[in-house]
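Reviewing the structure listed below.
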Amino acid sequence: MTENAASPQRSAASNPPYDPPYDPPYDPLEAGLRAVLAFHDQAMSSASLRSRVAHGQGLWTQDTLLEAADNLGYDTETGRIDPAQSELPALPALCQTHAGSALAVLAQQDNATVLVVDPELSDRPQTMALDALLARLNGATISLLRRELSRALNDTGEGTGATHASGRHGHWFWGPILRSRWVYVQVALAALLVNVFAIASSVFSMIVYDKVIPNNAIDTLIALLIGVSIIFVSDFLIRTLRGYFLDLASAKADSAIADALFEQILDARMQSRRGSTGALASTLKEFESIRDFLTSATLTTFIDVPFAVLFLFIIYLIGGPIVYVPLVAIPVMVLAGLAVQPQLKRLTKESQEDGHHKQAILVETLSGLETIKSLGAGAQMRRRWQDAVTHQSHIGLKSRMLAQLAANVASMAQQFVQVAVVTVGALLVQRGQLGFGAIIACTILAGRAIAPMAQITQLLTRMNQTFVSYRSLSKVMAQEREHQPGAVFMARPEFKGAIEFRNVTFTYPGASRPTLQDVSFQIQPGERVAIIGKVGSGKTTVSKLVLGLFRPDSGAVLIDGVDVRQIDPADLRSALGVVLQDVWLLGGTIKQNIALGGHFPSDAEILHAAQLAGVEDFVRQHPEGYGLRLGERGEGLSGGQRQAVAIARALLGKPAVLLFDEATSAMDMAAEAQLLQRLKQELQGRTFVTITHKSTMLQLVNKIIVIEQGRVAMQGTPEELVRAQAAAQAQAAATHAMTVA
């Protein structure tokens, strides 16, 4: 048989028609949002839209809709209208009907007609009389207004020509911050009042010492006490409100930034990933240092720094030459803080890298603890951990010593300022240029003026940590995504199941040689194919390219004749039932694991899939049944049982294509034989691709593709390959005999 022989003519045409998947219940809010998106040339399939929203099973609620719209770049406004007054909300809007459905009112064409989509009837906009529309509405509305994502980017001053990693509010970091910019403006105004109020105690002390005590003016003292009390209460209220609103703004920014980071991890292309899982987890943890920096304590300290000028001016008005004392001390304190920053910056970066390395060791150890114990490799892992901890501790010690040095200089400067103010004040009093109360006032004001400067070292250190963390997270956010901004996908909710590799070459990131080289083959809809070959030949890579997890270096992977790069990954994967070589189960019940990724699966569907996969065989013997809760990665089940759950998950929803990668490698012969018997009927009319080393799986297929060293060596029916292999062996034997002769 020749290489890449034509596939047999008996194909999908002879198979029974494919039974379409279960039709989920109508969801009015989801359908309404899809209509608005289509109106704005952002058409999305149901699977694609669901993949962009953090939503579990069940119909959408109003909160789900608001989150989805916000995530897709829409500002929302809920409200009520009075249909009797012939009024409409801001359009486009979702308007609830008396029947409990939702109409997508897109635009008002004139005084008498509007453009409407009734998702229950059609996806296409229809012209409707305004009176007829209002008669169907109960008044509840949600307006959806497109947000200008570029506005937040332009406000950052980073230019308009660069490409920025974005989130739902524009730039992943600055967008959420700038969204609360008016809160920060109001906080700055509150800081002005707080610092003005801070003058009250010093002025009070000066008046009491210089006026009240010498003149025994008790009435004046009472009036001063009342005034100061009012100021102090006002100061307390403003500080409390300032802290509350700052924390509120920070919490909103924290939530939006954290969500953007996690969305980036889920949507990033596999080819963009660098480093270990532990290092990536440690990088994401760096967000905590940014979050701490955004808290009220840090920001209020920064806000208070400029007001040192105000206190210095007041000192000059009260004490004249005394102002030179803090003016000399402040540069000393600031320079001491700045002097250690270059070294601290370098140490902070080293400490972060050590932290990533330490986290990687920890994650590796925890995920492979059974293997480490069985190999007796605990001592080696412990040594690696000790080396990482020791090095990070050494770096941390240097950082703390430098920071403490600058802090000690600032503390010493504060003490000298207090003593120097009193000393200079005493000399001025002796000359009759100043009163005793002025010394007290200047001492208090000098302390307020240099207090923010004393914290400048700590603030600069935290800024270094924040900037290093920001740069690390920016690298993560800059990774290429599956849904790149501006990318347009045509909605493809249904697939027939044809798969084609056309001259595909692929190399893993960092690899020195291609894993697949010029691979070409075709799989017809309904065809059942096995991909076989030696270990490392590139079989699993084929499945990853079909799933769109990686993109080929050259050539094309086509589904139903369409390049997978043109298909929304959510649409593509909704049409595929996949069992990967490394079975992953979440910590939850067996039912939750089977339903994972499904759309409105009924109990009957879950039970049917479980019976086909053989899950029912071991679940029915357990008192908790499908409510049996599993540990992390499916702890509590054997390898074969985990594979059975994964197969049930793949069969759920009747996908057009089933892709199994060593799906039965951990099953015993009896369980595998029963599974294959059940699958023979289930696979009729559906495209089935299995990657396997087990000959038992070949009884399910009518075509075999052999891959050797990244190339297609042979393909054809099992019978054709057997004859080709026999002919090759006979030819080899004849050649050997001639050589011997």
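The values are calculated or read from the model by the stated rules, or taken from the named source; none is laboratory data. These figures come from a predicted structure and were not determined experimentally. Backbone-built Cβ (ideal geometry, glycine too); neighbour counts: all protein chains shown. We work out accessible area using only protein heavy atoms, side chains counted, and drop any ligands, DNA or RNA first. Shrake-Rupley method; radii C 1.70, N 1.55, O 1.52, S 1.80 Å.
Among the residues of region 651-678, what is the count of those that are assigned to a helix (DSSP H, G or I), farther than 18 Å from residue 531 by Cα and either touching a Leu at 6+ places or on another chain (Cβ under 7 Å) or open to solvent by 30 Å² or more (accessible area, probe 1.4 Å) (or both)?
Going residue by residue through region 651-678, those that are assigned to a helix (DSSP H, G or I) are 651, 669-678.
Within this subset, residues satisfying the condition of being farther than 18 Å from residue 531 by Cα are 651, 669-675, 677-678.
Checking the rest, the ones that are also either touching a Leu at 6+ places or on another chain (Cβ under 7 Å) or open to solvent by 30 Å² or more (accessible area, probe 1.4 Å) (or both) come to 651, 669-671, 673-674, 677-678.
Going through region 651-678 one residue at a time, the tally reaches 8.
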Next on the checklist: Can you tell me which of (1) open to solvent by 40 Å² or more (accessible area, probe 1.4 Å); (2) assigned to a loop (DSSP other than H, G, I, E, B); (3) at pLDDT 55 or above is the one residue 44 doesn't meet?
Outcome noted: (1)
Checklist outcome for this item: In region 554-568, anything surrounded by fewer than 21 Cβ atoms within 10 Å (Cβ to Cβ) and in contact (Cβ under 8 Å) with a residue 12 or more places away in the chain is listed as 554, 555, 556, 558, 560, 561, 562, 564, 565, 566
Item to check | Candidate set from region 372-395 (those that are in a helix (DSSP H, G or I) and small (Gly, Ala, Ser)); member that is surrounded by the most Cβ atoms within 10 Å (Cβ to Cβ) | outcome: 388
Checklist entry - Mind checking which pairs have a first residue in region 336-353 that is in contact (Cβ under 8 Å) with a residue 60 or more places away in the chain and under 10 Å from residue 464 (Cβ atoms) and a second that is surrounded by 22 or more Cβ atoms within 10 Å (Cβ to Cβ) and of a type in the set (Val, Ile, Thr), Cβ under 6 Å, 6 or more apart or different chains? => result 344/461
Checklist entry - Counting just the residues of region 569-591 that are within 26 Å of residue 625 (Cβ to Cβ) and within 22 Å of the chain's Cα centre (by Cα), which one comes out surrounded by the most Cβ atoms within 10 Å (Cβ to Cβ)? => result 585
Next on the checklist: I'd like the residue in region 679-704 that is aliphatic (A, V, I, L, M) and touching a Leu at 6+ places or on another chain (Cβ under 9 Å) and, out of all such residues, is nearest to residue 534 (Cα to Cα).
Outcome noted: 691
Next on the checklist: Would you confirm whether or not region 102-114 contains a residue that is loosely packed, with under 14 Cβ neighbours inside 10 Å, β-branched (Val, Ile, Thr) and part of a strand (DSSP E or B)?
Outcome noted: no
Checklist outcome for this item: Residue pairs qualifying under the 8 Å Cβ cut-off, at least six apart or on distinct chains, with the first in region 471-500 being closer than 22 Å to residue 522 by Cα and the second being open to solvent by 70 Å² or more (accessible area, probe 1.4 Å) and not in a loop (DSSP other than H, G, I, E, B), are 498/522; 499/522; 500/522
Checklist entry - If we scan region 494-506, do we find a residue that is on the phi < 0 side of the Ramachandran plot and at pLDDT below 85? => result yes
Next on the checklist: Report every pair of residues separated by at least 6 positions or lying on different chains whose Cβ atoms are under 6 Å apart, first residue within region 197-216 and farther than 13 Å from residue 227 by Cα, second of a type in the set (Phe, Trp, Tyr) and open to solvent by 50 Å² or more (accessible area, probe 1.4 Å).
Outcome noted: 209/436
Checklist entry - Quick one: is residue 622 at pLDDT 90 or above, surrounded by fewer than 20 Cβ atoms within 10 Å (Cβ to Cβ) and out of contact with any strand residue (DSSP E or B) (no Cβ under 6 Å at 6 or more places or on another chain)? => result no
